Amino acid sequence: MGVLSFLKQYITKPRTVGALLPSSKYLASKMVDDIDFNQASYIVEYGPGTGVFTEEILKNRKESTIVLLFESNKAFYHLLKEKFEHELNLHIINDSAEHIEKYMIKYEIPWVDYFVSGLPFASLPHSISSNILRLTQLHLRQGGRFITFQYTLLKKDLIRLYFDKIDIKRELRNIPPAYVFCCSQ
């Protein structure tokens, strides 16, 4: 998907796309810095978009690690299905992250070691953001991490309602620059 196609998705669905351009490789690298890939059995990614973070996850994971992608945008979903069609233990779901429990049951996932999120919490309705964060907290294994990025610190207090510890890093080599939140309990 080119820049113009991505921009079209942003213009037609700004509440769910949340950015004018795909994330940079620098942001993708920072998003997976805190993942212990040798110990991860289950990784869930919310809102993978064009798959920039997904590529880093798949490149570093053990072959046996199960990865679930939740992408509600149909165009991005089809792109991801085509791009990653030969990946083993990868399930691409065209649904809201709010329905994670349904898919954890379907794919026999008892807990999640890492949640990686590209969701635009600043533009999602508060009730949806809160529900996703609640479910994330509920299904994150002890010692696991919820890793998300935001363009501002506006949603830090909302995220803190669900996660006691938030380490924040800044990535300036992204348009626009972003904050990476690494959250745990």
Per-residue Cβ contact counts at 10 Å, fewest first, order Phe115, Phe163 as Phe163, Phe115
Using a simple charge model, +1 on the beta-carbon of Lys and Arg, -1 on the beta-carbon of Asp and Glu, nothing else, what dipole does the chain show about its Cα centre, in debye to the nearest 20? 500
For region 79-185, state which GluC sites (Glu not before Pro) are in a DSSP loop and have at most 13 other beta carbons lying within 10 Å of their beta carbon. Glu85, Glu108
How far apart, in nm, are the 7 Å Cα→Cβ label points at Asp36 and Glu85? 3.8
Given labels modelled 7 Å from the Cα in the Cβ direction, how far is it in nm from Ile128 to Ser184? 3.1
Using the structure shown, select from Lys30/Lys106; Lys25/Lys156; Lys30/Lys165 the pairs with a Cα to Cα distance greater than 29 angstrom. Lys30/Lys106
Of all trypsin sites (Lys or Arg not before Pro) in region 83-185, the ones in DSSP coil with at most 13 other Cβ atoms within 10 Å are Arg173
Modelling each spin label as a point 7 Å along the Cα-to-Cβ direction, I'd like the Gln137/Lys62 distance in nm, to one decimal. 3.0
Going toward the positive end of the dipole of the chain, with +1 on Lys and Arg Cβ and -1 on Asp and Glu Cβ, which of Gln137, Leu88, Ile159 do you reach last? Ile159
Give the order of His126, His99, His86 when sorted by the count of other beta carbons within 10 angstrom, beginning with the fewest. His86, His126, His99
Can you tell which of Pro22, Asn60, Phe76 lies farthest toward the positive end of the dipole of the chain, using +1 and -1 charges on the Cβ of basic and acidic side chains (Lys, Arg; Asp, Glu)? Pro22
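Quick note: the coordinates plus some simple rules give every number you see, no bench work behind them. Keep in mind that this is a model prediction, so the values were computed, not measured. Backbone-built Cβ (ideal geometry, glycine too); neighbour counts: all protein chains shown.
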